[in-house]
Amino acid sequence: MTADPALGLFRVLQDDGSVSVEPSLSEEQLLAMYRHMRQIRIMETRMVMLQRQGRIGFYGSCAGQEAPPIATGFATSANDWVFPALRESSIMLVRGFPLVKYLAQVYGNELDVLKGRQMPSHMSAREVNQVSWSSCIGPQIPQAVGAAWAAKIKGDPVVAVGFMGDGATSQPDFHNAINFAGVFKVPAVLICQNNHWSISVPTERQTASETIAVKANAYGVPGVRVDGNDILACYQVIREAVERARAGEGPSFIECVTYRMGAHSTSDDPTRYRSNEEVEAWAKKDPVERLRRYLAARGILEETFDERLEADFGAELSAAIEQVEAAGPPQPESIFDDVYASRPWHLDEQLEELRAAGPAPKQH
């Protein structure tokens, strides 16, 4: 690693599963990390299959990028706020959000806490402090910084974590947010998942910067570049940044160097813009497999663990999907919810008109 952490690449886990330094995590925590990563891989493989069957409309898989969000779930406290981009929804599951309600958001039905108002793969919930986001590139970054600024003003000991892809670091929202964060030393941790592709645009075509992390230097913010396929390195770097922010020492910017193994979303065909050789090279750096090798070498992972996990979680997942698919659409009356803190008179009148009209005719 170079003297400037924004130019080097911090690693703990090597590709073969060996470590440069033993992590400060218990065996139970390490196994829980692995379980979450494996479950996300199983679940998202099923979600893509369901989309291909026409049972859901859209999905954006995080295959290959499981390490940063799972590490974040372990490195933050339950009171910290998360402002995700497309591939960080799994933090909600680490924080205990129920699987059925998580999947209901993909379907947008009556079990969905968002009441069917968001696209699939845009999960969020107030109960786990994860904020709804927009598919526009980057607006969640100043929102995260704004939440951190509010926490500082109020004296709340919470940290706001804002995620983005590599392409977002070329957007004005990124520069505005990190500049504000640096000037006012807000308790924010900004994390870029550099998966090398802004949909079909390679990183070298959207920035001439030597690394993405080094951009932080211009704003007086510490920048760190970490191996995003190494969950132990991600956890250490993110935890240190969170502790630093909570101690009043200001924001940090982290570049997690990773790779999107699948398509940008189920609407994308990555074979149009990248080679199979590139994908195969990154498959050898698989974050789930790398952690599995380490746990097996330490004797933490039993030989039958994966087999049992796939059977048990597969059954749980199938039952959750069955329950979600049996649910009806959101209630029409819910369209009047969440518009104002207190519903005004004209919306009360419209609600009564809707109720008086009776149920809508069934669609055939």
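At-a-glance table
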{"quantity": "V131 being surrounded by fewer than 22 Cβ atoms within 10 Å (Cβ to Cβ) and in contact with a Leu (Cβ under 8 Å, 6 or more places away or on another chain)", "calculated": "no"}
{"quantity": "Flag if G64 is surrounded by fewer than 24 Cβ atoms within 10 Å (Cβ to Cβ), small (G, A, S), in contact (Cβ under 8 Å) with a residue 12 or more places away in the chain and touching a helix residue (DSSP H, G or I) at 6+ places or on another chain (Cβ under 9 Å)", "calculated": "yes"}
{"quantity": "Tabulated pairs, the range 257-271, first at positive phi, second of a type outside the set (S, T, N, Q) and assigned to a loop (DSSP other than H, G, I, E, B), C-beta under 8 angstrom, 6+ apart or interchain", "calculated": "none"}
{"quantity": "Test set (1) out of contact with any Gly (no Cβ under 7 Å at 6 or more places or on another chain); (2) in the same structural domain as L317 (by TED's automatic domain parsing) - I42 fails condition number", "calculated": "(1)"}
{"quantity": "The listed residue being under 30 Å from K152 (Cβ atoms) and either touching a helix residue (DSSP H, G or I) at 6+ places or on another chain (Cβ under 6 Å) or modelled with pLDDT of 95 or more (or both), out of V288, V279, V242", "calculated": "V242"}
{"quantity": "Tally of residues being of a type outside the set (S, T, Y) and more than 23 Å from the chain's Cα centre (by Cα) across the range 181-228", "calculated": "11"}
{"quantity": "Pairs, first not assigned by TED's automatic domain parsing to the domain that holds Q39 in the range 278-289, second part of a helix (DSSP H, G or I) and surrounded by 15 or more Cβ atoms within 10 Å (Cβ to Cβ), C-beta under 6 Å, six or more apart", "calculated": "none"}
{"quantity": "The lone exception for K101 - which of (1) without any contact (Cβ under 8 Å) to a residue 24 or more places away in the chain; (2) surrounded by fewer than 23 Cβ atoms within 10 Å (Cβ to Cβ); (3) part of a helix (DSSP H, G or I) it fails", "calculated": "(1)"}
{"quantity": "Evaluation of M33 against (1) surrounded by 14 or more Cβ atoms within 10 Å (Cβ to Cβ); (2) not assigned by TED's automatic domain parsing to the domain that holds S265 (one fails), failing number", "calculated": "(2)"}
{"quantity": "Residues within the range 135-144 that are in contact with a helix residue (DSSP H, G or I) (Cβ under 8 Å, 6 or more places away or on another chain) and either closer than 23 Å to V94 by Cβ or outside the structural domain of A78 (by TED's automatic domain parsing) (or both), tallied", "calculated": "2"}
{"quantity": "Scan of the range 265-296 for residues that are under 17 Å from R38 (Cβ atoms) and either of a type in the set (S, T, Y) or not in a loop (DSSP other than H, G, I, E, B) (or both), ordered by number", "calculated": "A283, P287, V288, E289, R290, L291, R292, R293, Y294, L295, A296"}
{"quantity": "Selection within the range 10-24 - within 13 Å of L232 (Cα to Cα) and either in a loop (DSSP other than H, G, I, E, B) or in contact with a Gly (Cβ under 7 Å, 6 or more places away or on another chain) (or both)", "calculated": "R11, V12, Q14, D15, G17, S18, S20, V21, E22, P23, S24"}
{"quantity": "Test for V226: is it surrounded by fewer than 20 Cβ atoms within 10 Å (Cβ to Cβ) and either over 30 Å from D156 (Cβ atoms) or at pLDDT 95 or above (or both)", "calculated": "no"}
{"quantity": "Residue in the range 134-146 that is without any contact (Cβ under 8 Å) to a residue 60 or more places away in the chain, closer than 17 Å to G248 by Cα and surrounded by fewer than 18 Cβ atoms within 10 Å (Cβ to Cβ) present", "calculated": "no"}
{"quantity": "Scope the range 25-60; condition within 21 Å of A319 (Cα to Cα), hydroxyl-bearing (S, T, Y) and not in a helix (DSSP H, G or I); matching residues", "calculated": "Y59"}
{"quantity": "Qualifying residue in the range 323-335 (condition: within 19 Å of M33 (Cα to Cα) and either of a type outside the set (F, W, Y) or in contact with a Leu (Cβ under 7 Å, 6 or more places away or on another chain) (or both))", "calculated": "no"}
{"quantity": "Filter result for the condition that a residue is in a loop (DSSP other than H, G, I, E, B) and β-branched (V, I, T), over I137, I178, I191, I153", "calculated": "I137"}
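Here is a yes/no grid of residues against (1) among the small types (G, A, S); (2) assigned by TED's automatic domain parsing to the domain that holds E240; (3) touching a Leu at 6+ places or on another chain (Cβ under 8 Å); (4) within 22 Å of L291 (Cα to Cα):
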| position | (1), (2), (3), (4) |
| --- | --- |
| D4 | no, no, no, no |
| L50 | no, yes, no, no |
| G60 | yes, yes, yes, no |
| A63 | yes, yes, no, yes |
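The values are calculated or read from the model by the stated rules, or taken from the named source; none is laboratory data. Because the structure is predicted, anything quoted here is derived from the model rather than measured. Counting neighbours? That spans all protein chains shown, and the Cβs are built from the backbone with ideal geometry, glycine included.
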